[in-house]
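Novice: Provided herewith is a single structure, encoded as C-alpha cells, for subsequent inquiry.
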Amino acid sequence: MSAWFLGPKLENIDILQNLTAYSFSETANLRQSLFPLDRSCITEDVRQSEVHTHHIKKLEKELRKICQNLQKSPNFASTRVVGLPCSDTTLSGTLGYLANILYNSNNIDCAGGPVTTAMEVEVGEQLCEMIGYEMYSTNKPWVHITCGGTIGNIEALWAAQNIKFFPLVVQKVMAENPGLISFPDEEMYATEKVSFQNITELSIWNVININIDCIVDMAKYIGNHMNGEKINKMIDKYSLSSLGWFNFMKMYKLEQAPVVICSAACHYSLLKAMVLLSLGKDQLIQVPTDENGRLNAQELDKILFDCVERKIPVISVVSIQGSTEFGAVDPLEDIIILREKYMKQGLYFSVHVDAAFGGYFSCILRENTDLRYIQDNPIEKWCDSMLSNYTRNQLNVLKMADSVTIDPHKYGFVPLSAGAICYRNGLMKHFVKLKASYIDHGFNESMGIYGIEGSRQSAAVVSVLLSHNVIGLNKCGYGIILEHCLLSSKLMYCNWLTIAKDEDNFVCFPVTPLPKGTSLEYAKTFIKQFITGKSFEDITQTKNTLEFLKGIGSDTVMTPFLVNFKTGDVLNDDIEKCNKLNVEIHRRLSLVNTRQNNKRKPLSVLRSAMSEDTNPIVYAYIKDMLGLKGSGGIDYLLNFAKNPWMVYNNQVEINGSIFRQIVLDTIGLITDKPSFHLFLVAGTMFENTFFCEYITNLQIPDHQYQAIVKFQFVNAQDAEKYQAKIKDKASKHNRNNHLFMQIDAPMVLGEILESSPDVVRTVSFYDDLPPTNMCPFMSSVKVKVDDIPLFRHVDMVYTDGTMVDDYFLYGDQHRIHMSRKISKLSKSLQIAVLLEKPSDLPLHWIEQGMDVSLENNNRPREPFSQAQFAIQYSGPDGNIFKQTVQIDPVYGLIDLAV
C-alpha cells in the first residue's frame, strides 16, 4: 500500500511533486505544439513589465494568506481522524486529478471533453463489472460520474419515478389515438398474462406495476417506431415531467400518493430527493431497523402488504449498503425475494441500492484476472477476509438491483468530489434526459443530457480511472486496502468493549451487539488475552483471532458506540445526562471551525442520535446495556475506519488510550460542582500572554486535573501592571514566592477551559497562595484563554511506576517550560522554566506540546540537582533521542506539593 497512497504525513510528497511536474509539462508541451506558429499572448516583455510583476507579487501574497488559513485545517489523512469519512487519498487518484486540471475539460458533452468523456464511459464499465452487472446484456448497463452520492440517489429515484408512471401515459396516448402504434405480441405482465398490445385494457393499478425492463423495452420500441417522434411528443405532453404531480394525479385519477421505502438509517439525501421530486418527506416510509441496525425485512413485508391492500404505488425500495448511522448492510437478498413475492400479488417496485459507502467492498469478492497485477500486488500473508458471510452474500446480489449509487471519493480513496450512479439497464438513463440545443450533436454519447448535473468537471473522472488502473478493482488491489479498513474497524470495536478499566467511573459499549452465543465476559477475556497489545503480524497470523474478529462489529467499517458515567459503582440512569456526556465528548473531539484550535484535538469522532420509533431493538439494547431509564432520543458516537494505516504502529490502542483520557476529562462537566480555581503563573509575559498551571488537589474530585493554559490580557493596562510586578519579583530572585491567579467566580474547570476563545473571564492575582484574608494585588482583571497545551484529568486508577519521570514540554518561540505529569505517585506540581529552546527540537513540536522523560532515572522529587540536565523523547520513527536542556537562572524551578 505504500506505493498506492500519499501517506498520512505525505511521505510520498517527492513522488507527487515529480509526477505532477511531469504531467504539467506534458500539458505545456501540448499547448505549445498545437498550431506552433500562433503568436504568444504573454510575451517575455510582458512578463518582465512592472504591472505583471506587481500582480504576480499580489498573487504570491494572497496565496500565502490562503495557505496560512488552510493551515488551520486538520490533517484528514491522520490515523487519529476516526470520526469522519475523510482519509488519505491514493497517489494515483491525486495525480489523475492534477493531471487533468489544466485541460479544464467539461464532460457536459463530447465536444467539451472528447477524451474525458471516453474515460468516463470506461470508468462506468469498470464500476459495473465491479458490482456484477452483466456487461453483454441486450440493454447494456450504464454509469455516469456525479459530484457525490446525494446526486446519485436523487437521480435514481427521479428515474424510478418517471419509469413507473410512463406506461400510464402510453395507455392514455394509445386510447386517444387507436391504431397509432402496434406493439409486438409479447407478454409483459405475468400476473394477468397481458401483452404490450392490450395495454389499454389494463387497470390503472396494473399499469403502474409493470416490470421495469418491460417499460424500458416499451419506450425503446416506441423510439424505434416510424411514428416514434410523433408519439413521444404526445407522451411528453401528458407526462409527469410536464404536468407536475398535482395535475398528473388529477388527470389519471390516482387516489393514493406514491411512496419510497427505505431503512430508518437511510442517508438524508433520500429526504432531499423526496422534497425535490415533490413527492414530500412524508411519503418516504422508513422501516425500523433490527438489532444490527439493518432494515428489518419482516417489517418491510408488513409495509408492502399494506401497500397492496390500500393500493399505494411503491416507486422504489432503497437498500443501504453501509449506513452512515450503523455501518449496516441491509438484507438486499430479502428485498429481492420480497419483490418477487409481491410481483405475484400485483405490486412492483424498483430496487435502488445506496452503496456510496459499501460499493467498493465488492472488490474483495473479485479474483485478480489481470496478469499485470499478479507480480505487482502479491497476495498478503494474511489471507482470511474480515468480510462477514452475511455482507458477502448481500454484495453478491448487487447485480440484481436496478440502480446503484457508489462514491469513489469514499472507499475508492480518490479526492472529492466523485460519485457515480449505475443503471443495470442502460436505457433507464433516457427517463432522466433533458437536452439543450447546443449540446449532444450526435457524434458521440454526451453525458450532460442525462441526470441532474450539466457542466461537470472531468478531473474526477481521470482521478478515478487512474486509481482503478493502478490499484485494481479486485481482492489483490482495493481488496487489500479494504481488508485493512475492516480489520481496523474490528479492532476499534474491541477497544470500545475494553477501554474502561474495572475501577473507572464510566462504561463504554459498541451499539452493534456481540454475535449470538458470545457473552460479554468471554469477549472481554478473549480480547485482553489475544488482541490487546498484539502487533498487526501477531493478530493476522492467528486463525482463532481472525475468526473472532470476523464475527464482531458492524457489517462494514463504521462502529457506533457510546459512554455512560458511574457514581461509585452505580451507573447513571438518566438519559439526558448520558446524552450530555456523549455530546460533550463529541464537542471536545469534533473538528468544527477555525475559531477553535483544531491542532489541540487529539482525536476526532462523529455523533448521531437514535429514537425508539425508528430503531426500537437497538434502542432497547442500549438502554439495557447502559442501565438507562425513561424515554427520549439517545445520542451516540461513531467512528469510521477509513484509514488503512490504523492497524499499524499500535495506533488503534493509542487512539483508545487518548479517548479514555478524554472521557475522564469530560465526565467532570457533568458531575463536578462549581468552585473557585487557582492557577500558578509560570515564566514571563509576551504580547500580553502568559502561561499558567492549574493547582491540582488530588484530595478533592472536582480539582483532580492537570491543566496548562496560555491566558491573554484583554486590557493593555492590566498587562503593563502585571509586567511591572513580575519584573519586581524576578529582581528579588524569591523562588519560593510565586504569582497566583484565581478565577473570581465559582465554576466547573472544564467549562472555563472549554468555552469559546472569545469568552472573557474575570480573575485576581495574588503574591502567594490566597488565604481568605489576603488581598490580591490586581483584581477584576479581564482575561481570555489563548491556548491550552494540556488539559487532563489525573488518572486515579491506572498507575505506572515509570510515570514519576514523565514531563510535558511546551511553550512558544519566546518561552519553553517543562511540567511534571501529575499522577497518584508524583504528587507535586513541578515546573522547570528553560533558558532556551532545545536546539534539536523543532519549534512546532514544542508549540504542540510533547512528552519527555528525564535521563538516568533521577529521583522523583529532586530531578534537577544541576542547572543543566538531559531529557529523552521518542521521535516520529519510534527511536529514542536525547537532548541537553538548561534551567533559566531567573525563573528557574517551581515546586509545589499537590
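The values are calculated or read from the model by the stated rules, or taken from the named source; none is laboratory data. Here the structure is a predicted model, which is why all the values come from computation and not from measurement. Heads up, the Cβs are rebuilt from the backbone with ideal geometry, glycines too, and the neighbour counts pull from every protein chain shown. Protein only, heavy atoms only, side chains kept; ligands, DNA and RNA dropped before computing areas. Shrake-Rupley method; radii C 1.70, N 1.55, O 1.52, S 1.80 Å.
Novice: So, in segment 604-633, of the ones that are over 30 Å from residue 657 (Cα atoms) and β-branched (Val, Ile, Thr), which residue ends up farthest from the chain's Cα centre (by Cα)?
Specialist: Within segment 604-633, the match that is farthest from the chain's Cα centre (by Cα) is 617.
Novice: Follow-up. Any residue that is among the small types (Gly, Ala, Ser) and assigned to a loop (DSSP other than H, G, I, E, B) - is there at least one of those in segment 724-746?
Specialist: yes
Novice: Scan segment 518-535 and report the pairs whose first residue is in a loop (DSSP other than H, G, I, E, B) and whose second residue is surrounded by 12 or more Cβ atoms within 10 Å (Cβ to Cβ) and not aromatic (Phe, Trp, Tyr), with Cβ atoms within less than 6 Å and a gap of 6+ or a chain change.
Specialist: 531/494
Novice: Another question, if that's okay. Determine, yes or no, whether residue 259 is buried (at least 18 other Cβ atoms within 10 Å of the Cβ), over 21 Å from residue 451 (Cβ atoms), in contact with a helix residue (DSSP H, G or I) (Cβ under 7 Å, 6 or more places away or on another chain) and not aromatic (Phe, Trp, Tyr).
Specialist: Yes: the conditions hold for residue 259.
Novice: I've got another one for you. Could you please find all residues in segment 685-716 being over 22 Å from residue 826 (Cα atoms) and open to solvent by 40 Å² or more (accessible area, probe 1.4 Å)?
Specialist: Listed by number, the residues that qualify are 686, 687, 688, 712, 714, 715, 716.
Novice: Which residues, counting only those in segment 602-646, are assigned to a helix (DSSP H, G or I) and open to solvent by 10 Å² or more (accessible area, probe 1.4 Å)?
Specialist: Passing the criteria: 616, 617, 620, 621, 623, 624, 625, 645.
Novice: Would you call residue 252 exposed (fewer than 12 other Cβ atoms within 10 Å of the Cβ) and aromatic (Phe, Trp, Tyr)?
Specialist: no
Novice: Same structure again: Would you mind stating whether residue 819 is closer than 22 Å to residue 890 by Cβ and touching a residue at least 12 places away in the same chain (Cβ under 8 Å)?
Specialist: yes
Novice: Another one. Would you mention how many residues in segment 331-361 are among the hydrophobic types (A, V, I, L, M, F, W, C), out of contact with any strand residue (DSSP E or B) (no Cβ under 6 Å at 6 or more places or on another chain), crowded, with 19+ Cβ neighbours inside 10 Å and within 15 Å of residue 206 (Cα to Cα)?
Specialist: Result for segment 331-361: 1.
Novice: Being of a type in the set (A, V, I, L, M) and either at pLDDT 85 or above or in contact with a His (Cβ under 6 Å, 6 or more places away or on another chain) (or both): is that true of residue 235 here?
Specialist: Yes.
Novice: Cβ-Cβ under 8 Å, sequence separation 6+ or interchain: first residue in segment 119-146 and closer than 14 Å to residue 408 by Cβ, partner acidic (Asp, Glu). Which pairs?
Specialist: That search, which allows pairs on different chains as well, returns 143/125; 144/120; 145/120; 146/155; 146/453.
Novice: If we only count helices (runs of 4 or more DSSP H) wholly inside segment 43-157, which ones have 1 or more residues that are touching a Leu at 6+ places or on another chain (Cβ under 7 Å) and open to solvent by less than 40 Å² (accessible area, probe 1.4 Å)?
Specialist: Counting at least 1 such residues, we get 91-101, 114-131.
Novice: On the given criteria, is residue 753 under 24 Å from residue 793 (Cα atoms), under 46 Å from the mean Cα position of the chain (by Cα) and modelled with pLDDT under 95?
Specialist: Yes.
Novice: Just give me the residues in segment 220-246 being more than 39 Å from the chain's Cα centre (by Cα), open to solvent by less than 30 Å² (accessible area, probe 1.4 Å) and closer than 25 Å to residue 259 by Cα, in sequence order.
Specialist: 235, 239, listed by residue number.
Novice: Across segment 179-216, what is the number of residues that are part of a helix (DSSP H, G or I) and either modelled with pLDDT of 80 or more or among the hydroxyl-bearing types (Ser, Thr, Tyr) (or both)?
Specialist: 12
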